[in-house]
1. For the range 21-209, what is the accessible area per residue in Å² when the probe is 1.4 Å?
2. At q = 0.16 Å⁻¹, work out log10 I(q)/I(0) for the range 21-209 with the Debye formula, treating every Cα as an identical point scatterer and leaving solvent out; two decimals please.
3. Tell me the carbon and sulfur percent of the accessible area for the range 21-209, rounded to whole percent, probe radius 1.4 Å.
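The values are calculated or read from the model by the stated rules, or taken from the named source; none is laboratory data. Since the model is a prediction, treat every value here as computed from it, not as a measurement. In case anyone asks, the SASA skips ligands and DNA or RNA and just uses the protein heavy atoms, side chains included. Shrake-Rupley method; radii C 1.70, N 1.55, O 1.52, S 1.80 Å.
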Amino acid sequence: METLVDAPIKDDHESPRWQKSTVVFVLGGPGSGKGTQCANVVEHFGYTHLSAGDLLRAEISSGSEFGAMIQSMIAEGRIVPSEITVKLLCEAMKESGNDKFLIDGFPRNQENRIVFENVAKIEPAFVLFFDCPEEELERRIMNRNQGREDDNIETIKKRFKVFVESTLPIVSYYESKGKLRKISAAKPSAEVFEAVKDLFASETGEGEARDHLNKKISV
């Protein structure tokens, strides 16, 4: 039986929207505020927000045979193959009807990146990295978890260790390609979004387009 993993992704000539899609990878340590800022970008700039983790969880919740396979892998402590995550992302992009995407918390490692580029045949327009000191990330997560320090501090440190070892090399890779856009996430959320808003307006030209439209309306 063919599963979603085996099912072929359509070629570019069958799905020309792939070549025109704008993809922005959003990276940052746990607690850096990626989800909050992605929601702001969706509201102000019309992007579709996709989270690899959310897609995996949704597939499991759907009760599908494919979801059961993912759940079994996670339960056995196995890493879900990049091919599975990327196929879920591709299907979500196709079904969205949009051509602008924020992909949150992805790629988590070099394998994710390589598989995405090979399967989706898209390179990100740029990579948004929320830079925040480990101490601040730790404080935020502890506050978010009602300060259950004995239960959570070890897990938080493990998550940050994985982020440093697996994801920071991705940050360095895109920086070497001139595609990294770094924003300090240590400031209050509203201040961070002002920087995010300026970045997206600058990168996409949407700020200029909006100013031009406003001038036409006011004439």
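1. Details: 9310 Å² over 189 residues.
That works out to 49 Å² for each residue.
2. -1.11
3. Details: 4520 of 9310 Å².
For the range 21-209, the apolar C and S fraction of the accessible surface comes to 49 percent.
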